[in-house]
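Let me begin by presenting the structure, written as structure tokens, before commenting on it.
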Amino acid sequence: MKAPTRQLDVDLAIEFAGIRSPNPFWLASAPPTDKAYNVERAFAAGWGGVVWKTLGEDPPAVNVSSRYSAHFGHNRDVLGFNNIELITDRPLETNLREISEVKQRWPDRALIVSLMVPCVEESWRAILPRVEATGADGIELNLGCPHGMPERGMGAAVGQNPDLIEQVTRWCKTHSRLPVIVKLTPNITDIRAASRAAKLGGADAVSLINTVNSITSVDLDRMIARPIVGHQSTHGGYCGAAVKPIALNMVAEIARDPQSAGLPICGIGGISSWQDAAEFVALGAGAVQVCTAAMLHGFRIVEELQDGLARWMVSKGYRRLADVTGRAVDNTTDWKHLDMNFQTIAHIDQQQCIQCGRCYIACEDTSHQSIAKLAEEDGTRRYEIIEAACVGCNLCQITCPVEGCISMVPQSTGKPFMSWDEDPRNPFRELA
């Protein structure tokens, strides 16, 4: 199948941490990458790479039933997805054989193997040569699984400890020639500590985020959280569209951290459209991984991802993904460095306004009482911004159901740039 992007004057091919891929869209380590059948269907659909579902030592993990739950929006749209599934429950030898066969049949695709074994050097020393022998392009260290297998000292137990991250990464760099991507957990106070540790250990790249600790809902009749296993439940790993803001922030934190400078980043978390992917790239990602969207909509969504990203790049004059990577990083800063003299005021386009009153209610009840509710002669309503009271908080724009009806208009204050460190209202500005 020919990708539609080939008709456009843009090149989506990437080289990430020394790994070549025909496009930046990889399937994340998860059920969609658990076996050769799935992976080959994904490659046939156009995915540039996959991260094979996490391998571990034999005997393989044993999973429970059921395993998934979801956080739903209106019309049962899946906002977030929760799982309590463990790493692969198939024998190691079976996985290794299939990885080798798939790589031979699809040599142009990136094939990364996710690994999670006990935090003992000998366990890593034993499995790494076997993975390397498959012809795989790289390994991803699963240091963030938030549930299950604590008796083996794996997953988040390692990913929440920078010393262990550095140690395991160094073991893998010592005992393997493959590029090492360290997958980071979001269940940590400061993601930069984890990325710095990975870099100190010699990591070729990091990928993030892994799933977020979560309980999506409770069955109020049975009084059991979901997913339900018999008469009990447990917390799981949260992913899908709802975690995208968390993931974007953590990617940006690493990208703009001087101590992690130059460390390639693979973005993961809630990517379901080309716009999502472009946002991750703009904040520093050189490749992206997708899971939940593929599970909900199938492998062929990659056609739309590629086509949409390529058309946007053409419209902006970008030829390669590297031209986009990190472009928003320099414009991302700490709050104290923002311009205290910048001001915007909301404006309502009366031609688009449907007089629903949602902006008025939100502002009147919970914000700054800066929207006037006016009665027209014909009995209809009209809403107007009280400019003197508007602080430019954006709440009215967010609550408005008509896209583009409310805009935030920058105001000329005649004042120069002034950060909080410089602001005379800051009682600690001299210390800053």
Problem - For Arg327, residues with placed amide H under 5 Å, excluding near neighbours - result: Gly284
Handout entry: Which label in (i) 0.94; (ii) 1.16; (iii) 1.02 gives the computed Rg/Rh (Cα atoms, Kirkwood Rh)
Key = (iii)
Fill in the blank from the handout: Listed by chain and number, the lysines with an alpha carbon less than 28 angstrom from that of Lys373, same-chain partners under 8 positions apart left out, are none
Exercise for the section: Mind checking which lysines have their Cα closer than 26 Å to the Cα of Lys415? Skip sequence neighbours fewer than 8 apart in that chain. Expected result: Lys336
Problem - Dipole-positive endmost among Pro22, Ile268, Ser407 within the chain (Cβ charges, Cα centre) - result: Pro22
Fill in the blank from the handout: Rounded to the nearest Å, the spacing of the alpha-carbon centers of the range 351-393 and the range 287-340 is 35 Å
Fill in the blank from the handout: Under the Karplus relation with 6.51, -1.76 and 1.60 and θ = phi - 60°, whole-Hz ³J(HN,Hα) for the range 282-292, x at Gly and Pro, equal 4, 8, x, 7, x, 7, 9, 10, 10, 9, 4
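How would Thr185, Thr94 line up from fewest to most surrounding beta-carbon atoms within 10 angstrom?
Thr94, Thr185
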Exercise for the section: With a cut-off of at most 10 other beta carbons within 10 Å, and DSSP calling the residue loop, which chymotrypsin sites (Phe, Trp or Tyr not before Pro) in the range 33-90 qualify? Please list them. Expected result: none
Completion exercise
The size of the Cβ-based charge dipole (Lys, Arg +1; Asp, Glu -1) of the range 196-300 about the Cα centre, to the nearest 20 debye, is 80 debye
Practice task
For Ile14, list long-range residues whose amide hydrogen, built 1.01 Å from N in the peptide plane, is under 5 Å from its own amide hydrogen.
Solution key: Ser21, Asn23
Exercise for the section: Tabulate in residue order the Karplus-calculated ³J(HN,Hα) for the range 46-54, using 6.51 cos²θ - 1.76 cosθ + 1.60 with θ = phi - 60°, rounded to whole Hz; enter x for Gly and Pro. Expected result: x, 5, x, x, 9, 10, 4, 3, 3
Practice task
Would you grab the residues whose amide H sits under 5 Å from the one on Leu79? Only those 5+ places off in sequence or on another chain, please, with H modelled 1.01 Å from N.
Solution key: His71, Phe72, Gly73
Completion exercise
Computed ³J(HN,Hα) along the range 363-373: with the Karplus parameters 6.51/-1.76/1.60, θ = phi - 60°, integer Hz and x for glycine or proline, the list is 6, 5, 7, 10, 10, 10, 6, 10, 10, 9, 9
Practice task
Give me His235, His74 ranked fewest to most by other Cβ atoms within 10 Å of their Cβ, as a rough exposure proxy.
Solution key: His74, His235
Fill in the blank from the handout: Taking a straight Cα-to-Cα line shorter than 18 Å from Lys53, and setting aside same-chain aspartates and glutamates fewer than 8 residues away, one finds Asp34, Glu40, Glu85, Asp89, Glu93, Glu98, Glu101, Glu132, Asp137, Glu140
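Read the figures in this text as sums done on the coordinates, not as results from a lab. All of these numbers come straight from a predicted model, not from anything done at the bench. Glycine gets a Cβ as well: all are built from the backbone with ideal geometry, and neighbour counts include every protein chain shown.
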